[in-house]
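For reference, the structure discussed in these notes is given below.
The values are calculated or read from the model by the stated rules, or taken from the named source; none is laboratory data. Since we're looking at a predicted model, the values are computed, not measured. A quick note on method: Cβ atoms are made from the backbone with ideal geometry, for glycine too, and the neighbour counts reach across all protein chains shown.
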Amino acid sequence: MLFTYVIGGFGAWAAALMLLIAVQGDSLNRGGLARSALGFALLGAGMVTSGVAERAARWPLLVLALTAVVGTAVIYRALRPLVGARPVAITRLALEIGVPSLALLLAWFAGPRSFALTFHALCLAVSLGITWTMRRALVAPRNAAEAAVAVTLLVYACSWIVALDAAIRHDGPEHRHLLYVEAPLLPAYAVLYALLPLLVGALVLNLANARLHYRLRRYADIDELTGLLTRRALLERAAVWQADVLARGRLPAVLLLDVDHFKPINDTHGHERGDEVLRAVSGRLRGTLRTGTPLARWGGEEFLVLLDASGMEGAGAAAERMRAAVGGTPFRFGESRLSVTASIGVAAWAAGDDFTNAVAEADTALYSAKRAGRDQAHVAEPA
């Protein structure tokens, strides 16, 4: 079993090195990966020390216990931001490390049995805490990496339930490897603890990569200024959306909206105020649409809506509601007020028609509204 700890310790060091290398190219997860690397380094130090130290010495048991509890606690807290949980304050982290360490030291002087029971109870508490943090990943994982980490850590927690039960029932001499499970189970624990550090390290790295991929995908799909879909994201969804609307016997319509006189707003009030106007307009547009209606920032001060309508008359009425929502009440920015209006072009997106043609028809209707004096919604004539 002690030789297994040496293997597991080097596996933990390999995991720490792997995570430190990943830190260099991942600014998003840098903090979590660096803390995980520290936890694995501590864990590896304790496991290797317990395996290579003099057999007659008892102090390696204390080193093994302290590094196992502290290292696992550090990894536990590092995992939180990687699964979307809120990070904890540094004072709480200090308590979570200091209190178990003090408990282990007091148990060490109280005797072997107290030390073994305290160690197993703390390992079980930390492993259950990790499992609780990963509970959403067990029920509804966002990706395969989350599911794999959650299942692995659940197995780890279950192993400590069995180990604590065995420690409570043990009535013999102290074991150097601090495990008191029955002899038939020891090989299984040996394999588990030899492979677990490196396995969990690889899964943490996969989890960080999955989170990075999700964030990059979100940057590509969501406009950073307004929180609406990007042009690219709407284009990817458009064909599937049209097919679904047509299958339900409804009319797909394209609404193209342009904020009137936006350049003078930027020139007069500054680009920061212009950005505030775009954010405010997007909020009012969302307020007039059903949840799930595709709404994108099409470019600059233009917005595009894919509307599930009963007919062109209904699409025109929806455009009027959007126009009134934008221009009906001046926008308030601190003590100042700013009147903003919008022009809208509406076009049907018929079955078999290309999306670019529908957008071009909506654009023609939009410029018709602008030529007629702006702050209007025009419906494109049927082809």
message = Report every pair of residues separated by at least 6 positions or lying on different chains whose Cβ atoms are under 9 Å apart, first residue within segment 215-227 and in a helix (DSSP H, G or I), second surrounded by 12 or more Cβ atoms within 10 Å (Cβ to Cβ) and hydroxyl-bearing (Ser, Thr, Tyr).
response = Tyr219/Thr230; Ala220/Thr230; Asp221/Thr230
request  = For segment 367-382, enumerate the residues that are out of contact with any helix residue (DSSP H, G or I) (no Cβ under 7 Å at 6 or more places or on another chain) and under 14 Å from Ala315 (Cα atoms).
outcome  = Glu381, Pro382
query = Within the set of pairs 6+ apart or on separate chains, which have a first residue in segment 188-209 that is on the phi < 0 side of the Ramachandran plot and touching a residue at least 24 places away in the same chain (Cβ under 8 Å), a second that is of a type in the set (Gly, Ala, Ser) and surrounded by fewer than 20 Cβ atoms within 10 Å (Cβ to Cβ), and C-beta atoms under 6 Å apart?
reply = Leu198/Ala14; Leu203/Ala148
note = If we keep only residues of segment 240-275 that are under 32 Å from the mean Cα position of the chain (by Cα) and touching a residue at least 12 places away in the same chain (Cβ under 8 Å), then the residue farthest from Ala380 (Cα to Cα) is Arg273
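Answer yes if at least one residue in segment 41-61 is acidic (Asp, Glu), farther than 23 Å from Val6 by Cα and modelled with pLDDT under 90, and no otherwise.
There is no residue in segment 41-61 that is acidic (Asp, Glu), farther than 23 Å from Val6 by Cα and modelled with pLDDT under 90.
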ask   = Considering segment 276-316 alone, what residues qualify as being among the small types (Gly, Ala, Ser), touching a residue at least 12 places away in the same chain (Cβ under 8 Å) and assigned to a loop (DSSP other than H, G, I, E, B)?
value = Gly300, Ser310, Gly311
query = For segment 317-383, which strands (runs of 3 or more DSSP E) that fit wholly inside it have 3 or more residues that are of a type outside the set (Gly, Ala, Ser)?
reply = 331-333
query = Listed residues Ala145, Ala116; which is at pLDDT below 90, in a helix (DSSP H, G or I) and either farther than 23 Å from Leu207 by Cα or among the hydrophobic types (A, V, I, L, M, F, W, C) (or both)?
reply = Ala145
key: Scan of segment 19-54 for residues that are in contact (Cβ under 8 Å) with a residue 60 or more places away in the chain and either over 10 Å from Val204 (Cβ atoms) or outside the structural domain of Phe119 (by TED's automatic domain parsing) (or both), ordered by number   = Asp26, Leu28, Leu43, Gly44, Met47, Ser50
task = Answer with yes or no whether Leu212 is closer than 22 Å to Arg35 by Cβ, at pLDDT below 85 and crowded, with 19+ Cβ neighbours inside 10 Å.
result = no
inquiry  = Looking at segment 76-103, I want the residues that are surrounded by 14 or more Cβ atoms within 10 Å (Cβ to Cβ) and aliphatic (A, V, I, L, M) and have a partner that is assigned to a helix (DSSP H, G or I) and modelled with pLDDT under 75 with Cβ atoms under 6 Å, at least 6 apart or on another chain. Which pairs are those?
reply    = Leu82/Leu207; Leu82/Arg211; Val83/Ala137
query = Ala247 passes all but one of (1) small (Gly, Ala, Ser); (2) at pLDDT below 90; (3) loosely packed, with under 15 Cβ neighbours inside 10 Å; which number fails?
reply = (2)
